[in-house]
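Report on one structure; see the data block that follows.
The values are calculated or read from the model by the stated rules, or taken from the named source; none is laboratory data. This is a predicted model, so every value here is computed, not measured. Every residue, glycine among them, receives a Cβ derived from its backbone with ideal geometry; neighbour counts consider all protein chains shown.
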Amino acid sequence: MKPDKKGMILSSVLALTLATTLAGCGGNNGSSAGEDSNKEGASGSDVKPVTLSYFSEDSSTNWNNMQDEVGKVIAEKTGVTLDAEFAVGDPVQKMSLIAATGNYPDLIAAKADVGKLVDAGAVLDLTELIDKHAPNIKKMLGDKLVRTKYSLDDQAIYAIPTWSSVDERKFKADGGFELQHRVVKEAGYPEIRTVKDFEKVIQEYITKHPKDENGNKNIGLSLNGDDWHMYQVTNSGFQTTGGPDDGEYFIDQETHQATYHFRRPEEKEYFRWLNHMNDIGLLDPESFVQKTDQFKAKVASGRVLGLADPEWDYGDAQNALKAAGKLDQTYGHYPVTMSEKYKDTSFWPAGFDGGYGISISSKCKDPVRAIQFLDYLASEEGQILNNWGIEGKHYSVENGKRKVIPAVQERMDKDNAAFQKESGVGLYWNLMVHYGDGIKDSTGNYFTRSYPEQLTASYSAPEKETLKAYGAEHWKDLFPSEDEFKPRAYGAAYTMSLASDDPAVILGAKMKDITWKRIPEAIMSKPGEFDRIWDAYMADLDKAGVKEMEEAYTLHIQNRIKLWSTK
């Protein structure tokens, strides 16, 4: 994931604003009724405390009940404390249960499942609440506010977008394929451009070093196919064949026709390559039976030479390697595709997606306090607080430039999970609409810590050595840049929230079940069986109504383009 503050003046302004406006309405329609019920406070710290219940489909292993350092400041500034619950197991099932039972928490981060909540009448239209009580959200979104509307037919705002960054220009590569620094060093730093390049360096290393220093077998490539992590396995199908991340669809950039991306012949060849990797013993045979914790434990052991996984999925394990001093067994990022005719699309910009985010439920005890809590997080002070922490404790300002305190950076590098749980830095990202990488605040500093100088400071010696060998300053330098891609008129397709009875949703669930059965079967089969299994897979999709699903999704894509063109 992706993952900002201002100064004393802004703090004072916010405090005065909170003192006069952080008042409970008590109702559920976003009106101003009851706003005089909570006026004791003369500053943010004096605002009458309120606890809001919160459920998120995303896990948060470092959540500390807002007892971390940043959480305490947020509670002090807003008076709000969250009683939080995070999905365990299948988040879709949990969200369906919430929608069906009517037991709605005050705040809900439902992602694409917000459609189920809309159908159940479980979430508020936030349009009026934003207009009256959320100046920071309005300022940040500006003319992009239209992209937060639910649909062409229902132009209510049911969620504050938290998964798409405003005006982002990414500096950090955190995807592609990954190889340990020691692997590419031993190979002489060859070009890593295609799956065959990737395979070759792994094969050569594992031939020389079949076991690690403890006598355990080294693993060429391990995949995390546990439950929803299967998406990370299957996403590589379009990523290696020139498709941007549009979820389960490949969208034609001219006609905006949607195709279930697995039906592209190009992707069949990617999964055939994984089948080949399994056949020659370079693919972890436990890829589709191991749990996420087991996957991370393997990565943390240093035995996994290569990955095809986003950094947020394996990052905890990489931090464990850093803490153990196994820096040459951490990973670099490479723009691997099936052949050189394709471009890696990691930096294909989607623009700002309204999409999914955090909603206020129709049973929220205090919608005004809820929206003002979210609005504080969208303020310049709130953004910097989340991204950088507390001045003097987590960062310093030298000659007008914000810098992470060296001892803090060292703690981040060695055990970021423990540091985040204690400090709260970066922990509240999924609760806020936020500026993206490359955007500066009113002091001329970057909102996020992902900017060139800070990235360079965070690199280990083996990482710097690898980058230098490839003539790069940052991993992004190895990838095609944003400017090489045409902007997507619809943003990122996967952020669309659809009604639960929509054909694309109903049929999509069937396709997922078929895909998650057939893809592992095809990859783990004997090479001579691959085509037969793949043909049966395609037949299963046809029989289940894949073309009808594609037609329904195409209409939604085209309607989103129409919606976003309205004023």
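A few remarks follow.
- Assessment of the range 354-362 against the conditions (farther than 21 Å from Tyr446 by Cα, surrounded by fewer than 22 Cβ atoms within 10 Å (Cβ to Cβ) and of a type outside the set (Asp, Glu)) yields at least one matching residue.
- Only one of Tyr537, Tyr490, Tyr494 that is among the aromatic types (Phe, Trp, Tyr) and farther than 21 Å from Lys144 by Cα: Tyr537
- Lone unmet requirement of (1) over 26 Å from His276 (Cα atoms); (2) surrounded by 15 or more Cβ atoms within 10 Å (Cβ to Cβ) for Lys543: (2)
- Per-region count, the range 527-567, residues outside any helix (DSSP H, G or I) and either on the phi < 0 side of the Ramachandran plot or among the aromatic types (Phe, Trp, Tyr) (or both): 3
- Of the residues making up the range 313-329, those that are out of contact with any Gly (no Cβ under 9 Å at 6 or more places or on another chain) and within 15 Å of Met412 (Cβ to Cβ) are Gly315, Asp316, Gln318, Asn319, Ala320, Lys322, Ala323, Leu327.
- Residue satisfying condition, being of a type in the set (A, V, I, L, M), assigned by TED's automatic domain parsing to the domain that holds Glu311 and surrounded by fewer than 19 Cβ atoms within 10 Å (Cβ to Cβ), within set Ala472, Ala536: Ala472
- The set of residues from the range 438-452 being among the charged types (D, E, K, R), surrounded by fewer than 22 Cβ atoms within 10 Å (Cβ to Cβ) and in a loop (DSSP other than H, G, I, E, B) comprises just one member, Asp441.
- Residue in the range 335-348 that is within 22 Å of the chain's Cα centre (by Cα) and of a type in the set (Asp, Glu) present: yes
- Positions within the range 74-117 being at pLDDT 90 or above and hydrophobic (A, V, I, L, M, F, W, C), in sequence order: Ile74, Ala75, Val80, Leu82, Ala84, Phe86, Leu107, Ile108, Ala109
- Filter pass, Leu507 being over 30 Å from Ala100 (Cα atoms), surrounded by 16 or more Cβ atoms within 10 Å (Cβ to Cβ) and among the aliphatic types (A, V, I, L, M): no
- Failed item in (1) touching a strand residue (DSSP E or B) at 6+ places or on another chain (Cβ under 6 Å); (2) of a type outside the set (Val, Ile, Thr); (3) under 30 Å from Gln329 (Cα atoms), with Phe171 passing the rest: (1)
- Within the range 161-180, restricting attention to residues that are of a type outside the set (D, E, K, R) and more than 16 Å from Arg193 (Cα to Cα), the residue that is surrounded by the fewest Cβ atoms within 10 Å (Cβ to Cβ) is Val166.
- Index of the failed condition, Tyr435 passing every other in (1) at pLDDT below 95; (2) under 18 Å from Gly315 (Cα atoms): (2)
- Hits in the range 72-114 (condition: surrounded by fewer than 21 Cβ atoms within 10 Å (Cβ to Cβ) and within 21 Å of the chain's Cα centre (by Cα)): Ala84, Glu85, Phe86, Ala87, Val88, Gly89, Asp90, Val92, Gln93, Lys94, Ala112
- Options Lys149, Lys139: the member that is surrounded by fewer than 16 Cβ atoms within 10 Å (Cβ to Cβ) and modelled with pLDDT of 90 or more: Lys139
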